[in-house]
Structure formats: C-alpha cells, structure tokens
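Trainee: Below: one structure in structure tokens.
A short reminder: the numbers here are calculations on the coordinates, not readings from a lab. From a predicted model like this one, the values you see are computed outputs, not experimental measurements.
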Amino acid sequence: MALLATTVEIGMRGLLSATIVYPLIAGCTPTGIAPGPGNELGTMCRPNPPARLDFVIVDKTTGEVLNNFVVGKLKWEGVRIHDTVVAPLTSSPIWLAPREVQAGSVFIPSAGEGERFLFYRGVAHLDALLQTKLSHGQLSLRAPAQFAWLDALSIEIPGVWLADVRADGNLAFREHGALSLLRDKPGAELAKIKRFGSGDYKADGAKLLRASLKRVLINQGLYADEAEAMLNTWKASYFEKPGLRVFYIVPRQWTDYFLPLELSVPARVNRVIVGRIDLPER
C-alpha cells in the first residue's frame with residue numbers, strides 16, 4: 001500500500017555542494033559510487049549541476065564563501081510512503097542499521113528506488129555547537145561564539161558526554177548532563193569535565209555509554225528502535241574507534257535553523273541529532 005505523494009526539501013546553511021544523494025532525485029547523474037567492495041547501496045548520484053548555494057558571499061581578502069547566511073537545498077519530489085519496499089542489497093552495517101526500525105519505507109517512483117531513509121552528504125562549513133579546550137587534567141567547554149540561530153534568551157543542550165576509547169577496546173566516559181546557553185553570553189564557559197584515570201576504563205564501558213545515550217535519545221522523542229538504530233549506525237566511530245571525543249544532543253532550534261526541513265503535506269516532525277567532536281591529543 002502506498003500513501004499520498006509528498007515533496008521533501010532539506011536545506012543546509014553553509015552548504016557548498018551536495019556530493020552524494022540517495023535515493024536518486026531529479027537533476028542527478030548516477031555515479032556508480034558504492035560505500036565499498038560488496039557494499040553496493042543503489043543508484044547514488046551527484047547532483048548535475050551540483051546543488052550549489054542559492055547565493056554566494058565572498059570575502060575578497062580570504063576568498064571564503066561559506067558562512068551561516070548561505071543555504072544550499074535538495075528536493076525529493078513525489079516521495080511515497082510504502083509498507084513494503086525492496087531495498088537495495090548491501091552488507092554494510094552503516095546502511096543496514098537504519099533499516100531496523102518499525103516504520104514505513106520511502107519510494108521515489110521517478111528513480112525506481114526505495115529505502116527506509118533519505119540520505120545526503122555534502123561539503124559544508126558549520127562550527128560545532130560547543131567550543132572545547134583540552135588540558136592535561138580536564139576538558140573545558142564554552143558556548144558558541146555567536147547565536148544567530150537562537151531566538152530565545154536561553155536554550156538547553158539536553159546532554160553532554162566525554163568518552164575515551166582505548167586501543168584495547170576498554171572505554172571510559174563521564175555524563176555531564178544538561179548545559180544552558182545564554183544568548184547574551186557567547187563564548188561563556190559552560191563546564192569543566194575531569195579527564196580519566198586508569199581506573200575509569202571498563203571492558204563494558206561501550207555498553208554503559210550506549211545505554212546512557214539511548215536513554216537521553218528516547219527522552220528527546222525517539223522511539224527505542226530509532227535510538228538503537230542511530231547508535232548502531234555509528235557504532236564503529238562512536239564506541240570502537242580509539243580516541244577521545246565529546247558527544248552532545250543538539251537543540252531542536254539549532255537543527256531547524258541550520259538544516260531547514262519542509263514537507264508538502266502536514267506532518268508531525270521530531271528531529272534528534274547527536275553532535276560529536278573528536279579531540280586530538282598532543
């Protein structure tokens with residue numbers, strides 16, 4: 001069974017061009033690019049011509065053209081929701097994990113492709129929501145340098161985590177909890193999180209961190225299977241790749257400003273994003 005067709009338009013502030021789009025959209029040329037040997041996904045494509053900025057602001061001194069005031073857009077037209085869609089074959093966990101949800105599938109008749117999700121990747125510049133400074137004993141977190149996206153006097157980052165994955169797979173983490181951002185205090189210090197000692201690393205650390213993240217994701221509006229699918233999609237880079245990193249839940253207002261989303265039919269939309277900052281250690 002197919003439900004009525006809709007148009008989905010996604011924007012991104014600071015987007016220079018979309019490099020990969022899936023399923024196929026009007027104006028795209030198939031690339032044949034696959035995630036890797038044996039991981040073919042379907043007819044991925046590069047927009048032709050590339051999905052450029054609606055307009056470009058150039059600094060004559062630096063030549064920079066990316067900032068928070070330019071918006072690139074992609075549009076999927078004629079999207080239909082089906083209860084049954086044969087998705088392309090793939091063996092990659094990155095593509096398989098998002099399918100493991102109790103949800104309808106999207107189908108693009110013009111492309112003859114269906115999937116559980118719409119995917120795009122592009123070249124852009126967006127500053128992270130948190131500024132970080134790493135010292136020997138602690139991590140300092142500061143507010144962003146500007147709040148062009150914030151209408152309210154204040155807003156909350158619902159959760160923040162500092163995690164470190166060692167090469168042996170043991171993981172240490174600290175959950176800080178919510179942080180408040182004040183519009184009239186850009187760059188303000190928000191928190192200091194203590195670095196880890198040898199006793200903080202645990203063999204089941206990844207399992208404990210997953211449970212902590214999943215709890216907050218559900219509190220932010222995801223269904224349990226959606227939260228699990230998100231964490232499984234990024235399992236390797238979140239919980240297995242060695243390194244020190246910060247995770248945080250992105251406020252909805254930031255998401256709607258930098259990634260504007262429009263549907264041509266009425267819908268209740270819930271958007272939950274996990275931000276990640278990898279911290280190089282010197």
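Trainee: Exceeding 21 Å between C-alpha atoms, which entries from my cross-link table qualify? They are LYS75/LYS214; LYS133/LYS235; LYS202/LYS235; LYS133/LYS192; LYS192/LYS235; LYS133/LYS185. Mind showing how you got there, number by number?
Mentor: Details: LYS75/LYS214 31 Å; LYS133/LYS235 26 Å; LYS202/LYS235 17 Å; LYS133/LYS192 10 Å; LYS192/LYS235 26 Å; LYS133/LYS185 18 Å.
Pairs exceeding 21 Å: LYS75/LYS214; LYS133/LYS235; LYS192/LYS235.
Trainee: Provide Rg and Dmax in Å for the stretch 160-282, with only Cα atoms included in the calculation.
Mentor: 16.1, 54
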